[in-house]
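For reference, the structure discussed in these notes is given below.
The values are calculated or read from the model by the stated rules, or taken from the named source; none is laboratory data. It should be emphasised that the depicted structure is a prediction, and the values quoted were computed from it without experimental measurement. Positions of Cβ are backbone-derived with ideal geometry, glycine not excepted, and every protein chain shown enters the neighbour counts. Note: accessible area is taken over every heavy atom of the protein model, side chains too, but ligands, DNA and RNA are not part of it. Shrake-Rupley method; radii C 1.70, N 1.55, O 1.52, S 1.80 Å.
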Amino acid sequence: MPRSGRFGAGISLEPISLGPIQAFSGGRTAVGISLQAAFQVDLGARWALRLPLEVGYGGSGDATFSELGVTPGLLYRWRSDADQRWVPYLGAGLKLGAVGAGREFLGLPLITSVQSLDLDFDDFDDDDGESDPNLESRLGAFPEVWAGVEWHPNRLFSLNLGVAYTYVRILGTNVHLLHERVGVRFSL
């Protein structure tokens, strides 16, 4: 069986994938939107290297959550025919990026005044030029798993219906992210 794509090259580009994101932390939830673009290269007929770039934001006020990252990883597709219409897959990667969360979302008390010098990079400026001490952020590497199904009406174009789960830890608090996305993919 050849690699995927119209010409069997096994190179795919997913220029846009969009869907809801839910972030869960200690009984609190932030719901929002997730946007992703991805590049995928077949390593064989069933295995592929996937490189998605994503941004997500959810919640409101001090109960927000945001993320920005790139997640290199591997996925396995249950392909048995080059012209197979429905192709389920599973995969995993390591998200490299930044996450931010409001203290209310993390279940931490709000800071009402700046009591010490704050050297975090998460101090976004308000209109008055003051930093926000109630937004915590972290750079790091976070595990992520993927599952989904691709629908191929032809070998050039496909529709990707997928979910992703990411685990993040901020200030000793576990945060669980669930993404559901629908994307369009073009394969050579």
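Before moving on, here are some points about what is shown:
- Each listed q (0.14, 0.18, 0.19 Å⁻¹) maps to a log10 I(q)/I(0) for the chain, found by the Debye formula over equal Cα scatterers with no solvent: -0.76, -1.07, -1.16.
- Top of GLN40, GLN22, GLN84 by mean-square fluctuation, Gaussian network on the chain, Cα under 10 Å: GLN84
- Chain lengthening between VAL41 and ASN154 when straightened (0.36 nm per residue, less Cα-Cα): 38.9 nm
- Global form of region 1-107, assessed from the alpha-carbon gyration tensor, a/c cut-off 1.5: prolate
- Approximate spin-label separation ILE111-ASP81, in nm, with each point projected 7 Å along Cα-to-Cβ: 6.0 nm
- Charge dipole (debye, nearest 20) of the chain; +1 at Cβ of Lys and Arg, -1 at Cβ of Asp and Glu: 1640 debye
- Computed accessible area, TRP47, all protein chains, 1.4 angstrom probe, square angstrom: 130 Å²
- Carbon and sulfur %, accessible surface of region 9-58 computed with the full protein complex present, 1.4 Å: 77 percent
- Where trypsin sites (Lys or Arg not before Pro) in DSSP loops with at most 14 other Cβ within 10 Å are excluded, longest remaining stretch of the chain: 86-188
- Counting only protein heavy atoms and a 1.4 Å probe, the chain has 51 square angstrom of accessible area per residue.
- The apolar share of the surface of region 136-188, taken as the fraction of accessible area on carbon and sulfur atoms (1.4 Å probe, ligands and nucleic acids excluded), comes to 73 percent.
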